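Q: First, the structure itself, so that you have it in front of you.
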Amino acid sequence: MRTMLDRLFTGAGYLAGLFMVGTLLAVLASIFGRLIPAIDLPGADAYAGYCMATAAFLALAPTLRRGEHIRVTLILNQLPTAAHRWLDIFCHLVALIMSGALAWFSIRLVMQSREFVDISTGLDATPLWIPQLGMAVGTSLFVLAFAMDLVLLLAGKQLREESLDGEPAHIE
């Protein structure tokens with residue numbers, strides 16, 4: 001199960017990378033469209049924003065699983081092992097609840113945008129539920145990653161391998 005979920009998170013990371021490339025292409029289309037009006041792509045700026053937001057949300061879960069999110073461990077590292085574990089579990093539980101709320105409202109936003117036929121105000125008139133899907137999927141994967149981490153912590157297992165210098169090792 002863990003391997004399957006890690007593959008899912010890795011796939012989301014690669015998909016986030018593709019959306020970053022999409023951001024680049026949309027920005028380039030916007031630039032060249034201003035220079036050469038014949039090839040102007042209406043709404044290129046909006047598409048760049050949609051791609052960037054989707055990339056950011058899809059990257060949340062793989063970044064968490066790789067241990068790359070910024071953590072303030074000033075207090076955590078000063079605690080004894082048992083207290084460290086319980087505070088880590090508490091923090092993951094709070095994060096699970098907060099990310100769950102974000103995912104819930106993101107999914108709800110997509111459903112409402114589709115129901116009300118909400119479209120962007122730009123020249124492209126894109127149905128907003130389409131770019132909002134990236135946020136809903138990304139936050140849902142983020143919840144799944146936090147749940148996976150919480151289960152591992154409760155089972156007393158290590159979240160990720162440590163490298164020789166004490167930093168989280170990159171798990172492929």
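The values are calculated or read from the model by the stated rules, or taken from the named source; none is laboratory data. Bear in mind the structure is a predicted one, so any value in this text is a computation, not a measurement. Methodologically, a virtual Cβ is constructed for each residue, glycine included, from the backbone with ideal geometry; neighbour enumeration extends over all protein chains shown. Accessible surface is based on the protein model in full, side chains and every heavy atom, while ligands, DNA and RNA are left aside. Shrake-Rupley method; radii C 1.70, N 1.55, O 1.52, S 1.80 Å.
Q: With respect to W129, determine if the residue is free of Cβ contacts under 8 Å to residues at least 24 places away in the same chain and buried (at least 18 other Cβ atoms within 10 Å of the Cβ). It would help to see each step written out before you state the result.
A: Values: free of Cβ contacts under 8 Å to residues at least 24 places away in the same chain: yes; buried (at least 18 other Cβ atoms within 10 Å of the Cβ): yes.
Spelling it out, W129 is indeed free of Cβ contacts under 8 Å to residues at least 24 places away in the same chain and buried (at least 18 other Cβ atoms within 10 Å of the Cβ).
Q: Just to verify a result, which residue in the stretch 63-86, among those that are part of a helix (DSSP H, G or I), touching a Leu at 6+ places or on another chain (Cβ under 8 Å) and open to solvent by less than 60 Å² (accessible area, probe 1.4 Å), is modelled with the highest pLDDT? Walk me through how you get there before you give the answer.
A: Here is the first cut: in the stretch 63-86, the ones part of a helix (DSSP H, G or I) are 63-65, 76-78, 81-86.
Cutting the leftovers down to touching a Leu at 6+ places or on another chain (Cβ under 8 Å) gives us 76, 84-85.
Retained after the next criterion (residues that are open to solvent by less than 60 Å² (accessible area, probe 1.4 Å)): 76, 84.
On the way: L76: 78, H84: 85.
Among residues in the stretch 63-86 that are part of a helix (DSSP H, G or I), touching a Leu at 6+ places or on another chain (Cβ under 8 Å) and open to solvent by less than 60 Å² (accessible area, probe 1.4 Å), the one modelled with the highest pLDDT is H84.
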